[in-house]
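Remarks on the structure that follows.
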Amino acid sequence: MARKVDVVICGKVITLVSNEEEAHLRRIASYIDLKMAELTEANTTAAIDERIRTLLLALNISDEYFKVADRLARVDAEQEKYINEINRMQQEDMQLKEKYHALQAEHAKLQAEYAHLHAEHEEFIETFENEKQAEKVLPLNQRRLR
């Protein structure tokens, strides 16, 4: 809903009609009033025609606008660069997690294989020890038979 707001610019009351909030309109009017006063102070030696002052104001505000727009474009480009870096790092993180899980699975497989080989080794040692004991017993038995 359009609202009417009376503001003062250069000592003149101006009625603004807008859908914007009153505080926003007053802030804009205050900014324009300040910039007009700056132009007037900067040119105290000569009276400036109202049209020239308005043109200078438009140039100054346009200059500020384009500087801010350029800065915003640089910030947007930097933000895009960081977003791309974050995406790359997230992708790398996923790949590293997959590799980690694959290594965990391989580790578990190797542990199982180690346990199996260890059991076989223990069985072999036990068999070897039993045969060794059997060899010691056999010569003693053969001696007794003679």
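Quick notes on this one:
- Candidates in segment 53-106 are the residues that are small (G, A, S) and under 25 Å from I9 (Cα atoms); of these, the one that is modelled with the highest pLDDT is S62.
- Among the candidates D70, D93, D33, the residue that is within 30 Å of A2 (Cα to Cα) and assigned to a helix (DSSP H, G or I) is uniquely D33.
- Tabulated pairs, segment 58-73, first touching a residue at least 24 places away in the same chain (Cβ under 8 Å), second among the basic types (K, R) and surrounded by 10 or more Cβ atoms within 10 Å (Cβ to Cβ), C-beta under 9 angstrom, 6+ apart or interchain: N60/K35; I61/K35
- Any pair with Cβ under 6 angstrom, 6 or more apart, that starts in segment 2-26 at a residue that is more than 27 Å from E50 (Cα to Cα) and ends at one that is among the aliphatic types (A, V, I, L, M): A2/V17; N19/A2
- Hits in segment 55-89 - residues which are touching a Leu at 6+ places or on another chain (Cβ under 8 Å) and more than 28 Å from A29 (Cβ to Cβ): none
The values are calculated or read from the model by the stated rules, or taken from the named source; none is laboratory data. Just so we're clear, the structure is a prediction, and the values are computed from it rather than from any experiment. No Cβ is skipped: glycine too gets one built from the backbone with ideal geometry, and neighbour counts run over all protein chains shown.
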